[in-house]
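Each remark here refers to the structure printed beneath this line.
The values are calculated or read from the model by the stated rules, or taken from the named source; none is laboratory data. This one's a predicted model, so the numbers in the text were calculated from it and none came from an experiment. Neighbour counts run over all protein chains shown; Cβ positions are idealised from the backbone, glycine included.
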2 protein chains.
Amino acid sequence: MRGGIDLGGTKIQAVVVDDASALLGQARLPTPTEGGPADVSEAMAAALREAATAAGVQTGDLTGVGVGSPGAVDEAAGTVSSARNLPGWEGTFALRQDLGGRLGAPVKLGNDVQVATDAEFQLGAAREYDSVLGVFWGTGVGGGLVLDGKPWVGRGSAGEIGHVVVRRDGARCPCGRRGCMEAYAGRGAMEARAYRLHARGEHTVLFDIMRRRGRERLTSGVWARALRAEDPMAVAIMARAIAALGAGVASAQNILDVEAVIIGGGLGVRLGEPYVARIAAAMQPHLFLDARPPQVRLAALGDLGGAVGAALLAQPA
Amino acid sequence: MRGGIDLGGTKIQAVVVDDASALLGQARLPTPTEGGPADVSEAMAAALREAATAAGVQTGDLTGVGVGSPGAVDEAAGTVSSARNLPGWEGTFALRQDLGGRLGAPVKLGNDVQVATDAEFQLGAAREYDSVLGVFWGTGVGGGLVLDGKPWVGRGSAGEIGHVVVRRDGARCPCGRRGCMEAYAGRGAMEARAYRLHARGEHTVLFDIMRRRGRERLTSGVWARALRAEDPMAVAIMARAIAALGAGVASAQNILDVEAVIIGGGLGVRLGEPYVARIAAAMQPHLFLDARPPQVRLAALGDLGGAVGAALLAQPA
């Protein structure tokens, strides 16, 4: 039995799985918004304890626990640095040792997007392929790569597909640069655009839906509802996002020539197949091998892919 | 002793090298502009015969001959298809068998840009690295990849960096698509832009230099001379090309996170180090890991890299 933890900016998802990666228990807790890395580590431990309880075991019984983390992960050193969407985590924190102590089980660290890609490759929508680009479409747009059956991480930071340039001197990205795909397609940038257009007097139901559902952000569910209501602003912002995804993912494909592209992430999973088809169609005019596009598939593991992928890190070698 | 042939749209470069890839003889012939694949194959054989004579041997003495080819290369079948910049080569031609018969030596085929990248990786500017992106900047912009010490070709067509999108709905590319990097940075597109601006009445010395030097195209040498003369049109078109290369190559780096980027090709080799530095500077604002840019180096093997890389294909396994 193994544990897996997907450490996100808004929530911590923990799972306990058996040796075949079948789910035995799971739990989700909000990510602390105050304090520092040790507080986050304790919340991660609490989430995994809950998942273990659901599975009828204790965390000390697990043969290992994998963590998919944002920020710069140093797997060898067992540290996470510059996780800027987590509280007080600008520096370097020895997460492997700290969390291992709390759980009484060995911990392995990996990059959040990479482990989610590995999960789709080993267990999900990309099982039948040897080369895969995972595109995780949420607040930002992250990417993970499997090439010739093995993760490709470069010098440790490969897959930053959100920061492929789709328009030189284009829109300002949350990363501070200009014209990145994420500046058009990231949910964070889409929300910022909705606020700007709304402030200029353009009508939208996006913020009404947000308030009615007790949200403080334009979540994937809020977008899905506004799109279903054919809200013109939501439709226009989404069309712009999909055009950017088409150009950026096609650019990546022109470089990599992988067999399959898997679309996951909060927005990808929530909007599902029809939007995967729209992304594939938006890629088509930019594909160099247009007669032979890659397979474009929806992530099969949904919200749990990150945590199940993290648990893969804890497999015996 | 091995042979190598770089089959280009304007010239055929042949080399004979020893087991350590040291040059023993070389020859260059123009690529036939009429006829069909068999005529091109005979011109390739003629170039290699000349190189062999310079090395004091006959082609039948060679242990093998490698070919770096444009178009779609099927290494297993020994065929080249859709080499559209070669005369009458829209279909599929069994180049391995045909050329092998003419030379009396076994022939191996590879992709032109990939073999040039391998040459820089094994013998040239990228020797000290494990992961490399080769950018070949000439009439078009081609790319080759070495990841973890091995060529990465995807399903056979990876590395099409010239068709990374740098501006959605941007300039028309020679490939027919819009906004590709090559639409701004390929020498073919740069020449087309110079003709358009000139036709509109803008002054330039580009075409004067071309005629004076007896050329029919704006060759890399013509561009180099016009830039040295600070011709405003040449300077402006080049600035636009470099901005596009900066965005496109940085996009590739954000996906791949390689150790080194090698800049070669006709324009890259001709313009040399100062322009490699300009490309590196143009990449900087688009690099996600801006504090840790890749090494950006000039190709060390110059004009012969393609042929020397092709000869590597004929190494004993």
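Going residue by residue through the stretch A:122-133, is there one that turns out to be over 17 Å from A:G309 (Cβ atoms) and assigned to a helix (DSSP H, G or I)? Looking for residues that are over 17 Å from A:G309 (Cβ atoms) and assigned to a helix (DSSP H, G or I), one finds none in the stretch A:122-133, hence no. Taken together, B:G71, B:G64, B:G101 contain a single residue that is of a type in the set (G, A, S) and modelled with pLDDT under 95, which is B:G71. Can you name the residue in the stretch A:134-151 that is surrounded by fewer than 24 Cβ atoms within 10 Å (Cβ to Cβ) and either in a strand (DSSP E or B) or facing chain B (nearest Cβ under 7 Å) (or both) and, of all such residues, is nearest to the chain's Cα centre (by Cα)? Per the stated criteria, the residue is A:P151. Across the stretch A:277-317, the qualifying residues are those that are of a type in the set (S, T, N, Q) and not in a loop (DSSP other than H, G, I, E, B), and the one among them that is surrounded by the most Cβ atoms within 10 Å (Cβ to Cβ) is A:Q295.
Counting only residues that are surrounded by fewer than 22 Cβ atoms within 10 Å (Cβ to Cβ) and under 17 Å from the mean Cα position of the chain (by Cα), the stretch B:72-81 holds 1 of them. Scoring B:I262 on the criteria (1) under 28 Å from B:L304 (Cα atoms); (2) surrounded by fewer than 16 Cβ atoms within 10 Å (Cβ to Cβ) leaves a single failure, condition (2). Within the stretch A:247-270, restricting attention to residues that are in contact with a Ser or Thr (Cβ under 7 Å, 6 or more places away or on another chain) and in a helix (DSSP H, G or I), the residue that is farthest from the other protein chains (Cβ to nearest Cβ) is A:R270. For the stretch A:28-48, the condition holds for at least one residue, the condition being that it is assigned to a strand (DSSP E or B), surrounded by 15 or more Cβ atoms within 10 Å (Cβ to Cβ) and not aromatic (F, W, Y).
The residue that is farthest from B:E216 (Cα to Cα), counting only those in the stretch B:155-193 that are of a type in the set (D, E, K, R) and at the interface with another protein chain (Cβ under 7 Å from one of its Cβ atoms), is B:R155.
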